[in-house]
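Below is one structure, written out as structure tokens; comments come after it.
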Amino acid sequence: MRYYDKLIFELSRPGRSAFSLPRPEKDIPACGNIWRESALDLPEVSEPDVVRHYTNLSQMNFGVDTGFYPLGSCTMKYNPKINEEIVSMFGGLHPLQPASTTQGVRDIYSFMDKALAEITGMKHFTFLPCAGAHGELTGLMLIREYHMSRGDSARTKIIVPDSAHGTNPASAAVCGLDVVVVKSRPDGLVDIEALKPLLGPDIAGIMLTNPNTLGLFEKDIKQIAELVHGCGGLLYYDGANMNPLMGVVRPGDMGFDVMHLNLHKTFSTPHGGGGPGSGPVGVCERLVPFLEKPRVSGFHGNFGVILRACAYILSLGRENVKLAGRLSTLAANYIKESLKDCFKLPIESVCKHEFVFDGLLEPNGVTTLDVAKRLLDYGFHAPTIYFPLLFHEALMIEPTETESLQTLDAFIEVMHKIAAEAAGDPELLKSAPHDTPISRPDETTAARQPILKYSKV
Amino acid sequence: MGTFAYFPHTEEDIRVMLERIGAPSLDALYSDVPEEFIRKEEYDLPSAMTEDQVRAWFESMAARNTRLKVFAGAGAYDHYTPSVIPYITSRSEFLTAYTPYQCEISQGTLRYIFEWQTMICALTGLDVANASMYDGPTAAAEAMRMCVASTRKRNTVVASSGLLPNVLEVLRTYAHYSGINLVETWDVAEAVAEGTLDLAGVIVPSINRYGLIESHLGLSDLVHGMGGLLVEYCDPSALAVVKTPAEWGADIAVGDGQTLGIPLCYGGPYVGFMACRTDLMRKLPGRIVGQTHDAQGRRAFVLTLQAREQHIRREKATSNICSNESLMALWCTVYLSLMGPEGMRRLNALCYEGSHYLKEELLATGLFSDPFPDREFLKEFVLTPRCDVPKLQQALLDAGIFGALATEEGYVSFCVTERRTREEIDNLVKVIMEAGL
């Protein structure tokens, strides 16, 4: 990667253009006070300028196609190329076209509804949510609808484990629910004894990630489901960690009532630098009547993303779906077992698709941030760091099923090397990365004196 | 094993890995899962398809849709997509990256988001923009929540009935579950002037659901006088020529970036945008990119002001949004770079010319009257039909044209973008004339 220091605005020269439009006969006869008065400050550049600029920008970026991307809870698996190809077949369809002209689209939605229901054990899905957090919000709305429909209006609290993704409590707050935190036990699982006293007639439900953010399967799930259902609450499944269960275990069979899937995680659609994603929400039989009620996005959800996930399911087929989860679990356990000689494994247990180290066994002043930054020098993306919040030096590793043994071994070798560097030359890590387009930036200045847009000097 | 293209594992690899772990089999890795939850039955899914079979499957699905000449809008507009855009956005380095958590290897993403923020500020005239929202309607809903969060102990948001129907529906959903008192009215100024509301904000469209360009003269003073914030819902493409939210005195601007070269694609993915005044910056939802420098003094870009966000603040965050629509923001950024100020002016002039021509021709058929003869519009307009609407719509459909959308109030709406040629417009009018309406 090479440092490239231009912004598109700095390439601008008055009079250049890169559009391809016919000439209108006349300009808009702008009379009255409804027209723009200020100048429109957009770049004036040629088409080659644009192509070269964005190509240069792309070369300062690291993606799954660049290299290993073990970002925990993000499931950075390979994004198949056939999935991209088929999208253009559907580009020109207007979202409000009459049903008689969109039979193919509707067949795709019903195929996806059936396929996701089969994989998850849910009854039906809505495809309106545009991302995982959007799915959480939608799912919580459905939980509220269910209780309200029964006149059960006192259920205003939702239980969220302390290990949950930050989106869980945030989604609950947006949905008008009060968050009650349940502690984890030292073994990383939900503390059932701490859960029991929280349950009552004011509980709308519990949001669980299973396996949780430590990559550990909540093995008491049956008892948790009985307890929560027993008090009249519902179980929400955070599908961010669905990957290890795909083809092995179905959330619906474990007693979950509502869940979302991240099509950009489990179903291989590209993450796009932070979206577009898609967060379809599935429900069990008794919540089906409410499924279409919350109108949470403009049209039919992110159809282009749903298409890609559909292509993935067709390629995977019933033969390979059984392997996806198992191989992701295999890869995570392999790394965990290979690195626990120099990284601190806080909980000794078989993990699912991801696991968490609590920093180096012998830190020698080196932090998780330093380890993450040094990994960049060796051509790997860093794991998720400082999450979950249960461990101060959390380093959360998720390799996925699309990485070869050679790649995993190369990563393990580098991690050992970094551990040795920490012992011998900690300064090398504290000043890392050394071999990236920029070194560590001054984030304090960025936040204290925010520069959030380009201004001409 | 070893026979599926996306799984690199050979039998031998799996053996080696299991041995390191000390597990006898792949299934042994699930020994912590109660046996009753391990699925034994085959999944009822199709058998794995080859690439050619996948392609053929989608071709057969695509063949069951009808591509129509689009003369409709209502929140999704058929503007042209310069060929450069898909070429750039499909570059793996952009496409297969995630949120730029590791800024040292994400300067590409961070720089285009910074450019996007700058362009959204240029279009709206406001000071600060975020990295994107899901779509226009959800951006409006977040603006509604931001009004309530920014005005202490106030809980009423007045929304103009002139907003697009799908914007109002999403506002209703979010208001209902967030416990916000949403008041919908055609006469926003009157509702605010009554002064009886605990007013947190007002949301008005820059161009309303009939395509009419609205005047908001005096509205910001009125809303501010009552202690609320003014939100404008805008078509960013039209902002090149119509008065900007800043010029109307708005505090927040939201809308959908779809009009900036994003294909219709049956409604998504699109991209929402959000901009505001500097003093509201710390109430913005979502990601924000800022400029700083690295240890060597080189210009660098980072995610900043993260203390607003869900991964830090959890239930006290300004929003639950995490993944947004980053790649679609890149899409719009490349579009605006290609178009420049002159391209945006020309595009709007073409829309104006085509839509006004169609409206005159339709009125000349005698089958419609003009409910708003004195109002200005840009590309979308409504007429009062004096004919059978379902028959009109069917005649158009039979000719491969999607237009004459029925509105809730009994009008029919049409939209003409720069992609519609004079011949296509003339053909639409001919079809209507010959339909025996």
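Matching residues to (1) farther than 26 Å from A:Trp35 by Cα; (2) aliphatic (A, V, I, L, M); (3) free of Cβ contacts under 8 Å to residues at least 40 places away in the same chain:
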site	(1), (2), (3)
B:His356	no, no, yes
B:Leu363	no, yes, yes
B:Phe377	no, no, no
B:Gln393	yes, no, yes
B:Gly403	yes, no, no
B:Thr417	no, no, no
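Residues checked against (1) part of a loop (DSSP other than H, G, I, E, B); (2) not assigned by TED's automatic domain parsing to the domain that holds A:Gly272:
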site: A:Ile28; (1), (2): yes, yes
site: A:Ala39; (1), (2): yes, yes
site: A:Asp49; (1), (2): no, yes
site: A:Thr55; (1), (2): no, yes
site: A:Asp65; (1), (2): yes, yes
site: A:Met89; (1), (2): no, no
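I'm checking my understanding of the structure. Among residues of region B:39-51 that are loosely packed, with under 14 Cβ neighbours inside 10 Å and in contact with a helix residue (DSSP H, G or I) (Cβ under 7 Å, 6 or more places away or on another chain), which one is nearest to A:Gly215 (Cα to Cα)? Steps first, answer last, please.
We begin by selecting, within region B:39-51, every residue loosely packed, with under 14 Cβ neighbours inside 10 Å; these are B:40-42, B:44, B:47, B:50.
From what is left, the residues that are in contact with a helix residue (DSSP H, G or I) (Cβ under 7 Å, 6 or more places away or on another chain) are B:42, B:44, B:47.
Numbers: B:Glu42: 26, B:Asp44: 27, B:Ser47: 30 Å.
Across region B:39-51, the extreme among qualifying residues is B:Glu42.
Anything in region B:318-340 that is assigned to a helix (DSSP H, G or I) and open to solvent by less than 10 Å² (accessible area, probe 1.4 Å)? List them, or say none.
Within region B:318-340, the first condition is being assigned to a helix (DSSP H, G or I), and the residues that meet it are B:326-340.
Passing the criteria: B:Ser326, B:Ala329, B:Leu330, B:Cys332, B:Thr333, B:Val334, B:Tyr335, B:Leu336, B:Ser337, B:Leu338, B:Met339, B:Gly340.
Residues in region B:289-304 that are closer than 23 Å to A:Ile385 by Cβ, assigned to a loop (DSSP other than H, G, I, E, B) and either more than 7 Å from chain A (Cβ to nearest Cβ) or in contact with a strand residue (DSSP E or B) (Cβ under 7 Å, 6 or more places away or on another chain) (or both): how many?
Residues flagged as closer than 23 Å to A:Ile385 by Cβ, assigned to a loop (DSSP other than H, G, I, E, B) and either more than 7 Å from chain A (Cβ to nearest Cβ) or in contact with a strand residue (DSSP E or B) (Cβ under 7 Å, 6 or more places away or on another chain) (or both) within region B:289-304 amount to 1.
Mind checking whether some residue in region A:137-155 is at the interface with chain B (Cβ under 7 Å from one of its Cβ atoms), under 19 Å from the mean Cα position of the chain (by Cα) and in a helix (DSSP H, G or I)? Reasoning before the result, please.
Filtering region A:137-155 for residues at the interface with chain B (Cβ under 7 Å from one of its Cβ atoms) gives A:137, A:141, A:144.
The next check asks that each one be under 19 Å from the mean Cα position of the chain (by Cα); those that pass are A:137.
After this cut, where a residue has to be in a helix (DSSP H, G or I) as well, the list is A:137.
The answer is yes; a qualifying residue exists.
What about B:Leu197, is it surrounded by 23 or more Cβ atoms within 10 Å (Cβ to Cβ), assigned to a loop (DSSP other than H, G, I, E, B), out of contact with any Gly (no Cβ under 7 Å at 6 or more places or on another chain) and among the aliphatic types (A, V, I, L, M)? Quick ask: steps written out before the conclusion?
Details: surrounded by 23 or more Cβ atoms within 10 Å (Cβ to Cβ): no; assigned to a loop (DSSP other than H, G, I, E, B): yes; out of contact with any Gly (no Cβ under 7 Å at 6 or more places or on another chain): yes; among the aliphatic types (A, V, I, L, M): yes.
It is false that B:Leu197 is surrounded by 23 or more Cβ atoms within 10 Å (Cβ to Cβ), assigned to a loop (DSSP other than H, G, I, E, B), out of contact with any Gly (no Cβ under 7 Å at 6 or more places or on another chain) and among the aliphatic types (A, V, I, L, M).
Could you please let me know if B:Val54 is open to solvent by less than 20 Å² (accessible area, probe 1.4 Å), assigned to a loop (DSSP other than H, G, I, E, B) and facing chain A (nearest Cβ under 7 Å)? Break it down stepwise before answering.
Values: open to solvent by less than 20 Å² (accessible area, probe 1.4 Å): yes; assigned to a loop (DSSP other than H, G, I, E, B): no; facing chain A (nearest Cβ under 7 Å): yes.
Spelling it out, it is not the case that B:Val54 is open to solvent by less than 20 Å² (accessible area, probe 1.4 Å), assigned to a loop (DSSP other than H, G, I, E, B) and facing chain A (nearest Cβ under 7 Å).
Just checking, how many residues over region B:58-117 are within 19 Å of A:Val105 (Cα to Cα) and polar (S, T, N, Q)?
The total comes to 3.
So which residues in region B:386-416 are in a loop (DSSP other than H, G, I, E, B) and either within 11 Å of chain A (Cβ to nearest Cβ) or more than 29 Å from the chain's Cα centre (by Cα) (or both)?
Of region B:386-416, the ones in a loop (DSSP other than H, G, I, E, B) are B:386-388, B:399-400, B:403-404, B:407-411, B:416.
Residues satisfying the conditions are B:Arg386, B:Cys387, B:Asp388, B:Ala399, B:Gly400, B:Gly403.
Just to be sure before I move on: is A:Leu40 open to solvent by less than 20 Å² (accessible area, probe 1.4 Å), more than 33 Å from the chain's Cα centre (by Cα) and within 26 Å of B:Glu353 (Cβ to Cβ) in the structure I sent?
On the way: open to solvent by less than 20 Å² (accessible area, probe 1.4 Å): yes; more than 33 Å from the chain's Cα centre (by Cα): yes; within 26 Å of B:Glu353 (Cβ to Cβ): yes.
So A:Leu40 fits the description; yes.
Residue-by-condition table, conditions (1) among the small types (Gly, Ala, Ser); (2) touching a strand residue (DSSP E or B) at 6+ places or on another chain (Cβ under 7 Å); (3) at pLDDT 95 or above:
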site	(1), (2), (3)
A:Ile119	no, no, yes
A:Pro129	no, yes, yes
A:His134	no, no, yes
A:Thr138	no, yes, yes
A:Ile143	no, yes, yes
A:Ala154	yes, no, yes
A:Val160	no, yes, yes
A:Ala172	yes, yes, yes
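Answer with yes or no whether B:Gly108 is over 30 Å from A:Leu142 (Cβ atoms), part of a loop (DSSP other than H, G, I, E, B) and not hydrophobic (A, V, I, L, M, F, W, C).
Values: over 30 Å from A:Leu142 (Cβ atoms): yes; part of a loop (DSSP other than H, G, I, E, B): no; not hydrophobic (A, V, I, L, M, F, W, C): yes.
Here the answer is no, as B:Gly108 does not meet what is asked.
Name the helices (runs of 4 or more DSSP H) wholly inside region A:360-457 in which the number of residues that are open to solvent by 60 Å² or more (accessible area, probe 1.4 Å) is 2 or more.
Details: elements: A:368-377, A:405-424, A:426-430, A:443-448.
Filter on region A:360-457 gives A:405-424, A:426-430, A:443-448.
Give the residue that is farthest from the other protein chains (Cβ to nearest Cβ), with candidates limited to residues of region B:107-141 that are without any contact (Cβ under 8 Å) to a residue 40 or more places away in the chain and open to solvent by less than 10 Å² (accessible area, probe 1.4 Å).
Going through region B:107-141, the residues without any contact (Cβ under 8 Å) to a residue 40 or more places away in the chain turn out to be B:108, B:118, B:122, B:141.
So of that shortlist, the ones also open to solvent by less than 10 Å² (accessible area, probe 1.4 Å) come out as B:108, B:141.
Details: B:Gly108: 3, B:Ala141: 9 Å.
Among those residues, the one meeting the criterion is B:Ala141.
Does B:Leu229 satisfy the condition of being farther than 19 Å from B:Ser160 by Cβ and open to solvent by 10 Å² or more (accessible area, probe 1.4 Å)?
no
Does at least one position in region B:361-373 carry a residue that is of a type outside the set (Lys, Arg) and within 13 Å of another protein chain (Cβ to nearest Cβ)? Steps first, answer last, please.
To start, the set of residues in region B:361-373 that are of a type outside the set (Lys, Arg) comprises B:361-373.
Now drop any that are not within 13 Å of another protein chain (Cβ to nearest Cβ), which leaves none.
Within region B:361-373, not a single residue is of a type outside the set (Lys, Arg) and within 13 Å of another protein chain (Cβ to nearest Cβ).
Would you mind listing the strands (runs of 3 or more DSSP E) fully within region A:172-252 where at least 1 residues are open to solvent by 10 Å² or more (accessible area, probe 1.4 Å)? Step through it out loud before you land on a result.
Details: elements: A:178-182, A:203-208, A:234-239.
Counting at least 1 such residues, we get A:178-182.
Residue-wise test of (1) open to solvent by less than 10 Å² (accessible area, probe 1.4 Å); (2) under 23 Å from B:Leu338 (Cβ atoms); (3) within 7 Å of another protein chain (Cβ to nearest Cβ).
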| residue | (1), (2), (3) |
| --- | --- |
| A:Gly67 | no, no, no |
| A:Pro70 | yes, no, no |
| A:Tyr78 | no, no, yes |
| A:Asn83 | yes, no, no |
| A:His94 | yes, no, yes |
| A:Asp107 | no, no, yes |
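Can you pull out the residues in region B:256-296 that are within 15 Å of B:Cys147 (Cα to Cα) and crowded, with 24+ Cβ neighbours inside 10 Å? Full working, then the answer.
The initial filter retains those residues of region B:256-296 that are within 15 Å of B:Cys147 (Cα to Cα), namely B:274-285.
B:Met274, B:Ala275, B:Cys276, B:Leu284, B:Pro285, listed by residue number.
Considering region B:140-153 alone, what residues qualify as being modelled with pLDDT under 95 and of a type in the set (D, E, K, R)?
B:Arg152, B:Lys153
Would you pick out the residues in region B:68-77 that are within 7 Å of chain A (Cβ to nearest Cβ), in a loop (DSSP other than H, G, I, E, B) and either of a type in the set (Val, Ile, Thr) or closer than 19 Å to B:Asp426 by Cα (or both)? Break it down into steps so the answer makes sense when it comes.
Step one: of region B:68-77, the residues within 7 Å of chain A (Cβ to nearest Cβ) are B:68, B:70, B:72, B:74-76.
Next, from what is left, pick out any that are in a loop (DSSP other than H, G, I, E, B): B:68, B:72, B:74-76.
Within region B:68-77, B:Leu68, B:Ala72 qualify.
Which ones in region A:340-349 are out of contact with any helix residue (DSSP H, G or I) (no Cβ under 6 Å at 6 or more places or on another chain), of a type outside the set (Ser, Thr, Tyr) and open to solvent by 10 Å² or more (accessible area, probe 1.4 Å)? Give the derivation first.
Here is the first cut: in region A:340-349, the residues out of contact with any helix residue (DSSP H, G or I) (no Cβ under 6 Å at 6 or more places or on another chain) are A:340-341, A:343-349.
Retained after the next criterion (residues that are of a type outside the set (Ser, Thr, Tyr)): A:340-341, A:343-348.
Result: A:Lys340, A:Asp341, A:Lys344, A:Leu345, A:Pro346, A:Ile347, A:Glu348.
Given the criterion touching a helix residue (DSSP H, G or I) at 6+ places or on another chain (Cβ under 7 Å), in contact (Cβ under 8 Å) with a residue 12 or more places away in the chain and among the small types (Gly, Ala, Ser), identify the matching residue among A:Ala133, A:Ala154, A:Ala117.
Working: A:Ala154 fails: touching a helix residue (DSSP H, G or I) at 6+ places or on another chain (Cβ under 7 Å); A:Ala117 fails: touching a helix residue (DSSP H, G or I) at 6+ places or on another chain (Cβ under 7 Å).
A:Ala133 is the lone residue from the list that is touching a helix residue (DSSP H, G or I) at 6+ places or on another chain (Cβ under 7 Å), in contact (Cβ under 8 Å) with a residue 12 or more places away in the chain and among the small types (Gly, Ala, Ser).
Report, by residue number, each residue of region A:33-77 that is among the hydroxyl-bearing types (Ser, Thr, Tyr) and within 24 Å of A:Gly379 (Cα to Cα). Write out each step before concluding.
Step one: filter region A:33-77 for residues among the hydroxyl-bearing types (Ser, Thr, Tyr), giving A:38, A:46, A:54-55, A:58, A:66, A:69, A:73, A:75.
Matches in region A:33-77: A:Tyr54, A:Thr55, A:Ser58, A:Thr66, A:Tyr69, A:Ser73, A:Thr75.
The values are calculated or read from the model by the stated rules, or taken from the named source; none is laboratory data. Since the model is a prediction, treat every value here as computed from it, not as a measurement. Backbone-built Cβ (ideal geometry, glycine too); neighbour counts: all protein chains shown. Surface areas here come from the heavy atoms of the whole protein model, side chains and all, with no ligands, DNA or RNA. Shrake-Rupley method; radii C 1.70, N 1.55, O 1.52, S 1.80 Å.
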